[in-house]
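Asks: If you scroll down you'll find the structure; I have some questions about it.
The values are calculated or read from the model by the stated rules, or taken from the named source; none is laboratory data. Values in this document were obtained by computation on a predicted structure and should not be read as measured data. Here Cβ is always computed from backbone atoms with ideal geometry, including for glycine, and neighbour counts include all displayed protein chains.
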Amino acid sequence: MSKHHERLNTHAGTVLLGAFGDPGHAFPMIALGTRLAARGHRVTLQTWGRWRDAVEAAGMAFAAAPEYHVFPTHGRALTPYQAVVRAAGEMRGLVDELRPDVVVADILTLAPALAGERAGVPVATLVPHAFPPGAPGFPPYSLGARLPRTRAGRALWTRLDHATGAGLRRGRDELNGTRERLGLPPIDEVHGGISRRLCLVATLPQLEYPRRWPPWARVIGPLLWELPFGDVEPPAGEGPLVLVAPSTSQDPDHRLLRATLRGLAREPVRVLATTNRRPPREPIAVPANARVVDWVSYARTMPRCDLVVCHGGHGTVARALASGCPVVAVPAAGDMNENAARLDWSGLGTRVPGRFTTPAAIRLAVQRTLADPAFGHRATAVAAWLQANDPATRAAQAIESLAQDGSPAAA
């Protein structure tokens, strides 16, 4: 047995994690690192400084991730790939110091992955949302189009694949330029930032379109973590409880919050809404059946709810479904469109296009979702699946197998 294998089999291993600092990316990595640390591994998480206290409280060591400005002080633009080259170079010292058995990098954080590859360390990727690479007949990721129901629809997307893939091929070429500057060989694949050794897809299998999965990809379920917060009392009464959980980064004017409050003001429901610590620019009218607060714990609040209205961010959608709550999603940007389309496809929620952020549209969507018990039954089944399939443990086991044998554990 090699010295490397002996170290992993006889006592704790060393794991280096790297995550983009946005909550949608940092929180799943904190959840993963917490479980790895609990299993006895020495874990270092490199991310933004705002999460240092949470990382250390979970039993991990913290390393500050570079947070480069787009325009450095010398007046020359630092492109994303230039930043990756610089960050990967700076990470070399951390990798040499830790001598990790495995590196796990968030899909948006290339520097740890490239630094680990340069050092000959097995590298895994964490995707904290639906799997971005397409398959024959799939619409482009984040477009917001549903999986087609007919052979003609699938054929249309297949014909358009070459044109829509041009951007991916350009991205691959730019990445290969970065790899060359770091002394790494070029790759042929698009989505080259995803490890072909192990990719952990931290979403619900119920939200993934049917496909032939590559052997290196594992759909493990969502990795859920949040900052601790106490209970918040909902409005008094007996009606169904609707939580309005807007994005923390989109919709600065609180259009979704205002429209939902107005749309549900005369409905036989109770509404608990949060501004997510973003004070409104103009006062918000709060009807008698509603309460608006600055912040709530999703983990403590959603299990008491009957429905969640949100923009469709993956973390919010996953937490709602994990709590057995169907979702009304009103996407604002980015992969919110993808998440809303998959909620609609899977029957786990109702999609309202962002341009229809009106009281009437949201009222109709809430009425429809609450009136059809099938939405609630499907969401309850998702919650039961998560109870039986702990995502953090599944991810940790796959990482341990990769570190020991160079290949992930069987799904």
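Asks: So, of the residues in segment 149-187 that are outside any helix (DSSP H, G or I) and within 26 Å of the chain's Cα centre (by Cα), which turns out to be farthest from A119 (Cα to Cα)?
Replies: Looking at residues that are outside any helix (DSSP H, G or I) and within 26 Å of the chain's Cα centre (by Cα), I get G165.
Asks: Within segment 381-400, is there a residue that is farther than 24 Å from V327 by Cβ and among the acidic types (D, E)?
Replies: Looking for residues that are farther than 24 Å from V327 by Cβ and among the acidic types (D, E), one finds at least one in segment 381-400, hence yes.
Asks: Q404 - would you say it is modelled with pLDDT under 95 and either of a type outside the set (S, T, Y) or part of a loop (DSSP other than H, G, I, E, B) (or both)?
Replies: yes
Asks: Show me the strands (runs of 3 or more DSSP E) entirely contained within segment 37-148 in which 1 or more residues are surrounded by 20 or more Cβ atoms within 10 Å (Cβ to Cβ), charged (D, E, K, R) and modelled with pLDDT of 90 or more.
Replies: Correct list: 102-106.
Asks: Using the structure shown, decide if G21 is closer than 25 Å to V84 by Cβ, in a loop (DSSP other than H, G, I, E, B) and in contact with a strand residue (DSSP E or B) (Cβ under 9 Å, 6 or more places away or on another chain).
Replies: Yes; evaluated as a whole, the condition is true for this residue.
Asks: Could you list all residues from segment 209-233 that are under 13 Å from the mean Cα position of the chain (by Cα) and closer than 17 Å to S401 by Cα?
Replies: Listed by number, the residues that qualify are V219, I220.
Asks: Here is a follow-up. Considering only segment 234-267, state which residues are in contact with a helix residue (DSSP H, G or I) (Cβ under 9 Å, 6 or more places away or on another chain), buried (at least 18 other Cβ atoms within 10 Å of the Cβ) and hydrophobic (A, V, I, L, M, F, W, C).
Replies: Within segment 234-267, L241, V242, L243, V244, A245, L256, A259, L261, L264 meet the criteria.
Asks: Here's a follow-up. If you go through segment 109-119 one residue at a time, do you hit one that is of a type in the set (V, I, T) and touching a Phe, Trp or Tyr at 6+ places or on another chain (Cβ under 9 Å)?
Replies: yes
Asks: Sort out for me the strands (runs of 3 or more DSSP E) sitting completely within segment 289-391 that have 2 or more residues that are at pLDDT 95 or above and crowded, with 24+ Cβ neighbours inside 10 Å.
Replies: 307-310, 327-329, 349-351
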